[in-house]
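The values are calculated or read from the model by the stated rules, or taken from the named source; none is laboratory data. From a predicted model like this one, the values you see are computed outputs, not experimental measurements. So basically every Cβ, Gly included, is an ideal-geometry build from the backbone, and we count neighbours across all protein chains shown.
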Amino acid sequence: MKPPERELLDKLRQRIEQLTLGENAPVLETLEECDDDLRSLVEAFNRYISLVDEARCFVEALAAGNLKESPPSRNQVAAPFKQLHAALQHLTWQTGQVAQGDYSQRVHFLGEFSESFNSMVEALAEKERTEAALREARSQVRNLEGVIPICMYCKKIRDDGDSWQQLERYISEHSEAFFSHGICPTCFEERFNR
């Protein structure tokens, strides 16, 4: 092997080391007078460097949360990241659907994250059901609150219009309660056993 070819192989080894360390590796220039096999190896390596650089740019954008960056086409080095990119875009869409109240969304492709996402969606759906039930219950309940003026003798109640009403009528008009009349034992004794 000629010294220039040996030097080219040494540069190739250095570039491979740079790639394994996550560094950029510049392409190699082929020698004019070079063995065809060595020329073919350098050309293949230069194509690989180009694919790695292209994939690195895409992965860096993906790691920064930039899902608008288009994945490189026909780049097998970036293939697993293309799948992740598509999954994250779909997840972003699903999250938007959940934000709009579509609690049927489920994630099945991200392991533990899927479990957490699905639990969150189920909890949001349950919270919304509980809030709806509470709103329904509140709409059916009318509360008597504050100080209610009542006559100390006849027990009539003064309303907001300064008119006096029977206790039963006032409570029936201001709440969901209604009355059924009876007689207590003390009153029964006083009224009927004299």
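Numerical summary
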| item | result |
| --- | --- |
| The stretch 146-185, residues that are outside any helix (DSSP H, G or I), of a type in the set (A, V, I, L, M) and surrounded by 10 or more Cβ atoms within 10 Å (Cβ to Cβ) | Ile148, Ile150, Ile157, Ala177, Ile183 |
| Out of Ser70, Ser50, sole residue that is at pLDDT 90 or above, of a type in the set (Gly, Ala, Ser) and part of a helix (DSSP H, G or I) | Ser50 |
| Residue within the stretch 110-125 that is out of contact with any helix residue (DSSP H, G or I) (no Cβ under 6 Å at 6 or more places or on another chain), at pLDDT 90 or above, outside the structural domain of Ser172 (by TED's automatic domain parsing) and under 29 Å from Ala177 (Cα atoms) present | no |
| Filter result (free of Cβ contacts under 8 Å to residues at least 12 places away in the same chain and under 46 Å from the mean Cα position of the chain (by Cα)) within the stretch 36-47 | Ala44, Arg47 |
| Single residue of Arg15, Arg6 found to be over 26 Å from Val77 (Cβ atoms) and among the basic types (Lys, Arg) | Arg6 |
| Residue count for the stretch 96-145, restricted to those that are under 30 Å from Ile171 (Cα atoms) and either surrounded by 12 or more Cβ atoms within 10 Å (Cβ to Cβ) or in contact (Cβ under 8 Å) with a residue 24 or more places away in the chain (or both) | 5 |
| Matching residues, the stretch 148-183, being touching a Phe, Trp or Tyr at 6+ places or on another chain (Cβ under 7 Å) and under 28 Å from Arg138 (Cβ atoms) | Ile157, Arg158, Asp159, Glu168, Ser172 |
| Among the residues listed as Ile157, Ile148, Ile171, the single one being among the β-branched types (Val, Ile, Thr) and touching a helix residue (DSSP H, G or I) at 6+ places or on another chain (Cβ under 6 Å) | Ile157 |
| Residues of the stretch 18-52 classified as surrounded by fewer than 12 Cβ atoms within 10 Å (Cβ to Cβ) and either in contact with a Gly (Cβ under 9 Å, 6 or more places away or on another chain) or among the charged types (D, E, K, R) (or both), total | 7 |
| Residue tally, condition under 20 Å from Glu60 (Cα atoms) and in contact with a helix residue (DSSP H, G or I) (Cβ under 9 Å, 6 or more places away or on another chain), over the stretch 3-44 | 6 |
| Matching residues, the stretch 1-35, being in a loop (DSSP other than H, G, I, E, B) and either touching a residue at least 60 places away in the same chain (Cβ under 8 Å) or closer than 21 Å to Asp53 by Cα (or both) | Leu21, Gly22, Glu23, Asn24, Ala25, Pro26, Val27, Leu28, Glu29, Thr30 |
| Inter-residue pairs, beta-carbon under 9 Å, first on the phi > 0 side of the Ramachandran plot and in the stretch 149-177, second surrounded by 10 or more Cβ atoms within 10 Å (Cβ to Cβ) and not charged (D, E, K, R), 6+ apart | Lys155/Gln166; Lys155/Leu167 |
